[in-house]
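The structure appears right after this line, and notes come after that.
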Amino acid sequence: QVQLVESGGGLVQAGGSLRLSCAASGRTFAIYGTGWFRQAPGKEREFVAAITWTGDSTYYGDSVKGRFTISSDNAKNTVYLQMNSLKPEDTAVYYCAADLGGDSLDSRSYGYWGQGTQVTVSS
């Protein structure tokens, strides 16, 4: 079992920044990497970013490239998502997930999910 707890969501004005955190515990040695996904009301879940457990590879969705940065602190078993230049269309519930299969861009590769944290960007 792997437990994931997200934090750092909130309300921010367009153009502002937020940093999300995802703390992992349990059988973290089984994790290939960690990803962030988001889901807005009435929309499908969308891949945001992912990082391998070693931190040597990162991946980003097209809509966040150049604005969001994913990083990790293995000593703390924590992954961060720095979100800059936020837009109203970034409003969603953000979930972190543990990649067990190694296909970082495919949500089916993820075996454990956090409870989600709300990010709201006002215009």
Phi-based couplings in Hz for segment 10-16 (Karplus 6.51, -1.76, 1.60; Gly and Pro marked x):
x, 9, 9, 7, 4, x, x
When only alpha-carbon atoms are used, what values of Rg and Dmax, in angstrom, describe the chain?
13.3, 41
Amide H contacts of Tyr110 (H built 1.01 Å from N, under 5 Å, at least 5 apart or other chain)
Leu100
Ordered by number, the GluC sites (Glu not before Pro) in segment 32-112 that occupy a DSSP loop and have at most 12 other Cβ atoms within 10 Å are Glu44
Please report the carbon-and-sulfur percent of the accessible area for the chain; probe 1.4 Å, protein heavy atoms only, DNA, RNA and ligands left out.
47
For segment 63-78, in order, what is each residue's ³J(HN,Hα) by Karplus, 6.51 cos²θ - 1.76 cosθ + 1.60 with θ = phi - 60°, in whole Hz (x at glycine and Pro)?
6, 10, 4, x, 10, 10, 9, 9, 8, 9, 10, 5, 4, 9, 6, 10
For a quick protection proxy, order the peptides 67-74, 56-63 by their average other-Cβ count within 10 Å, most packed first.
67-74, 56-63
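The values are calculated or read from the model by the stated rules, or taken from the named source; none is laboratory data. Treat the numbers as computed from the prediction; the structure is a model and nothing was measured. Note: ideal-geometry Cβ built from the backbone for every residue, glycine included; neighbour counts use all protein chains shown. In case anyone asks, the SASA skips ligands and DNA or RNA and just uses the protein heavy atoms, side chains included. Shrake-Rupley method; radii C 1.70, N 1.55, O 1.52, S 1.80 Å.
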